[in-house]
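Laboratory data are not the source of any read-out in this text; all were calculated from the coordinates shown. In this text the structure is predicted, and so the values were computed from the model without any measurement. Every residue, glycine among them, receives a Cβ derived from its backbone with ideal geometry; neighbour counts consider all protein chains shown.
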Amino acid sequence: MPTFIYKARVSPLELKEGLVEAQTREQAVKKIADSGLFPIEVDLASEKKDSSLFGRFKSQRKVTRADISGFTRQLANLLESGLNILPALNVLKAQVASPVFISLIDDISDKVKKGEAFSESLSRHENFFSPLYVNVVKSGELSGKLNSALGSLADFLEHQEELRQKIISALVYPLIVLFVGILTVSVLLIFVIPRISVMYEEMGQALPIPTQIVVGISSIIVRYFWLLVILIAGTVFFAKRKLKTKEGRQFCDRLKLNLPLLGTLVVKGHIVQFSRTLSLLLASGIPIISALELVSSTLPNSLIRLEVEAMSKAIHKGESLSEAVSKTKYFPVFVANVMSVAEESGTLETSLSRIANSFERDVANIIKGFTVTLEPALILIIGLIVGFIVIAMLLPIFSINLIIG
């Protein structure tokens, strides 16, 4: 059921923020009003509450991945120390700063007080807790090892966040260099070159070929700037529409996998996510077919997702996991061989975790090597472009000096 974030008046001087579950916004408003509050704002938890750019960003960051990861780790530690689930949730609520997260914990606590299982109360907030998260918690409840299940979940979420931060931090500097370079070239072509070219036209002198090229490009951009904007906007619009279709997504995903360096990075990144997630689910006691279905739902690339779905069907027919993996296109033979040995020795969960660690190191090394190469390459390319533009615009001046001399 959808979750709505609301802001309501308790009294003329007191405001309250919270969460309410309802099928529609109208039902949510009615529930809030029936509880004795006067609703002011009611929005879906996944929607933005403010139309401004800052407001959208602020709203989206109410509950972050880091918040969920920290919540999971602390809850596991509190349960490990001997606290029951309700006192542990109350302790965590006192440490949370986000009003939305406080309301979320309040709602979970209320449901648990009324007799619901903790996993069931989490499943009501799918915007914050994924099916994977809920199923691991549920298996921990059934086995009586909720603290261990939450500890494994926290490890999993922390590994995911660590890899994500590595990728982001590695790409920040190259993106800044690229942005500054594009901005510099744009300013030169749109604002600087037209003014200098007017001066050269007044002189009536024949321009060198490099100067003619730069002036021509600048003239096209300035004269048809509106057309370029329309073309770019139209291309983005139709690309987004195409990507919403199954064929469009598969085309884009296939393109990513076939690119020389990016393809290797995407495949290895998916193997990390596949291995770590499957290891977590199997260690939590979830059957392998159900685990593969959950793993498939977490993978972003549709083609690799189809391969994991094919694995599930093959295992359902009686094949082993290693046999199913060996028939895939994108999973290396090495992975299938390791799984085969692990299945015979009964250490599949541990081996999957080792596979994830191995490929995660590969991903980190590829990203590091890529950025080490990309940064100087970008600087060199942008420097050459800017240098060509500057020299091309100075050539007529050099020509005049030579004639005078």
Quick calc, segment 334-390, dipole around Cα centre from Cβ unit charges on Lys, Arg (+) and Asp, Glu (-), nearest 20 debye, gives 280 debye
Listed residues Ile391, Ile102, Ile367; largest mean-square fluctuation, Gaussian network over the chain with Cα springs below 10 Å, found at Ile391
In degrees rounded to 10, the 0-90 angle between helix 146-187 Cα long axis and the longest Cα principal axis of the chain is 10 degrees
Measuring from the longest principal axis of the C-alpha atoms of the chain, the long axis of helix 225-243 (C-alpha) lies at a number of degrees, nearest 10, equal to 30 degrees
In whole angstrom, the spacing between the Cα centers of segment 61-113 and segment 310-371 equals 34 Å
So, with points 7 Å from each Cα along the Cβ direction, the Phe191-Ala364 label distance in nm works out to 4.3 nm
A chain fully extended from Leu142 to Leu86 at 0.36 nm per residue, minus the present Cα-Cα distance, gains in nm 18.4 nm
About its Cα centre, segment 154-210 carries a charge dipole, from +1 on Lys and Arg Cβ atoms and -1 on Asp and Glu Cβ atoms, whose size in debye to the nearest 20 is 220 debye
Two pseudo-spin positions, 7 Å from Cα along C-beta at Lys30 and at Thr373, lie apart in nanometres by 6.2 nm
Answer in debye to the nearest 20: the dipole magnitude of the chain about its Cα centre, from +1 Lys/Arg and -1 Asp/Glu charges placed on Cβ, is 720 debye
Placing each pseudo-label 7 Å from Cα in the direction of the beta carbon, Leu395 and Ile220 end up separated by a distance in nanometres of 1.7 nm
Count of lysine pairs, segment 172-405, Cα-Cα under 20 Å, sep. 8 or more residues or interchain, comes to 15
Calc'd 3J(HN,Hα), segment 256-269, phi into Karplus 6.51 cos²θ - 1.76 cosθ + 1.60 (θ = phi - 60°), Hz, glycine/Pro = x, comes to 4, 6, 8, 5, x, 9, 4, x, 4, 5, 5, 4, 5, x
Under a Gaussian network model of the chain whose springs join Cα atoms within less than 10 Å, the largest fluctuation of Ile40, Ile167, Ile68 belongs to Ile40
